[in-house]
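Coordinate-derived values only; no laboratory data. All values derive from a computational prediction rather than experimental measurement. Glycine gets a Cβ as well: all are built from the backbone with ideal geometry, and neighbour counts include every protein chain shown.
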Amino acid sequence: MIMDAMLNNLLRRLHSESKNSIGYPVSRDFDYSALAPFLEVAINNIGDPFLEGTYHLETHAMEREVLDFYARVFRAEPNQYWGYVTNGGSESNLYGLYLARELYPKGMVYYSESTHYSVQKNIHLLNMPSIAIRSQENGEIDYDDLYQTILLNRQQPVIMLINVGTTMTEAIDDLNRIREILRKLAIHHFYIHVDGALAGAYAAWLDPKPTFDFADGVDSIAISGHKFIGSPFPCGVVLTKKQHRDRIARSISYINNLDTTISGSRNGHAPLFLWYTLSQLGEAGMQQRLKHSQRMATYLLTQLRLMGIQAWKNEGAITVVFPAPSKIIRDKWQLATDNGQSHVICMPHVSYKQLDAFLADMKAVPVTKSQEIAVSV
């Protein structure tokens, strides 16, 4: 059969390509075979996950447990938080910005130039005024530029988007310094949203722990589910203060539920898959995943430097940054590259064997000047 051949070829290609995928944040060390029977059911988590509606083919109970897990990790006030499982970090960020706009319709959004590209798109979709702030060399926001920019616009409420793990360098913006800037400028009307798509899923277990959660004063947090946790399809989580959700909720009679999310129909399998992994791992298991990833990142960093390559990483990060290698290596290992820099993200599935194979290629295919110029253009 032609279709069988096409599917077999596609599966072989995907398995082959996945062996060399170390440049993008997608964990592949999962086994969801126990959940295969649920693919026979059309699961739709329409409506608010904390309410019971008239459509019963849903996994709201598992969704709430996923939210409860991260509400504890992010130190949210009991019974004062709300959230849902999204299609990914981009939707989670869109939701946080949407809530901020409804609270402060005349607010100005501030974000660093290292922020994920989806944020600019979300700001455009929401028709919100915004200003991009310079980044430091490590990808962290430039606090002096932020201070001066807010000073010039201090008559407007501040909608601050901070990064917990930028796309290319896994930089984490310092919430304490940002809040100090708001205090010095006497800014009393502000909303703080955290884009933790990359590192938010494990940032609570970093040492030292960054300030980024609800106890530290944020209003909403976005994380990805398919990155550090691992999933066969993109998904994410957004958490916020319940009072912010209440501002936008409206009743939908024919589902006997509230419309409180971005999309109406929502993937009901995603909460089930995330719940399955988080239930198995718990906080202790998540910490072990982080330690493994950090060991791999430290190993890679050390080996690259021994080869004379100017590699570096932010403190505690699992992302190793280095000058872009040849196109052959970038293509084979699927390395994200920007401004002449590439990176390897040591997700929990990354092993010494994979890294040694990558290092062998780095030794065998040196970068030429012409290639360096081509990458930087």
| message | Give me the net charge for the shell around residue 205: Cβ to Cβ below 10 angstrom, other residues only, Lys and Arg +1, Asp and Glu -1. | response | +1
| query | Of 36, 199, 71, which is the most mobile in a GNM of the chain whose springs link Cα atoms less than 10 angstrom apart? | reply | 36
| task | Would you mind telling me the antiparallel percentage of the DSSP bridges in the chain, rounded to 5? | result | 60
| field | Fraction in percent of alpha-carbon pairs per bin - 5 Å, segment 109-236 | value | 2, 11, 21, 24, 21, 13, 5, 2, 1, 0
| Kyte-Doolittle mean at least -1.0, axial Cα span of 15 Å or more - DSSP H helices of the chain | 2-18, 60-73, 89-103, 269-306, 352-364
| said: Need one number: convex hull volume per residue for segment 282-376, Cα atoms only, in Å³. | reply: 95
| note | The longest stretch of the chain containing none of the trypsin sites (Lys or Arg not before Pro) that sit in a DSSP loop with at most 15 other Cβ atoms within 10 Å is 248-377
| remark: In this structure, among 291/363; 121/327; 209/327; 19/121; 19/313, pairs with alpha-carbon gaps over 25 Å are 291/363; 121/327; 209/327; 19/121
| query | Across 5 Å bins from the origin, how do the percents of Cα pairs in segment 33-279 run, short distances first? | reply | 1, 6, 14, 19, 19, 16, 11, 7, 4, 2, 1, 0
| request: About the Cα centre of segment 31-74, how large is the charge dipole given +1 on each Lys and Arg Cβ and -1 on each Asp and Glu Cβ? Please answer in debye to the nearest 20. | output: 100
| task | Mind pulling up the Rg/Rh value for segment 18-157? Radius of gyration and Kirkwood radius, both on Cα. | result | 1.04
| field | Most mobile listed residue (220, 16, 90) in the chain, GNM with C-alpha springs under 10 Å | value | 16
| Computed lengthening from residue 176 to residue 34, 0.36 nm per intervening residue step minus Cα-Cα distance | 46.8 nm
| query | Which residue fluctuates the most in the chain, going by a Gaussian network model with Cα springs under 10 Å, if the choices are 337, 169, 86? | reply | 337
| said: How large is the direction-averaged shadow of the alpha-carbon convex hull of segment 271-338, in nm²? | reply: 6.4
| task | Report, in debye and to the nearest 20, how large the dipole of the chain comes out about its Cα centre when Lys and Arg carry +1 and Asp and Glu carry -1 on their Cβ. | result | 500
| query | Using the alpha carbon gyration tensor of segment 196-339, what are the three equivalent-ellipsoid semi-axes (square root of 5 times each eigenvalue), largest first, in whole Å? | reply | 36, 18, 16
| Tell me, in nm to one decimal, what length is gained between residue 255 and residue 65 on full extension, where the rule is 0.36 nm per residue of separation less the Cα-Cα distance? | 66.2 nm
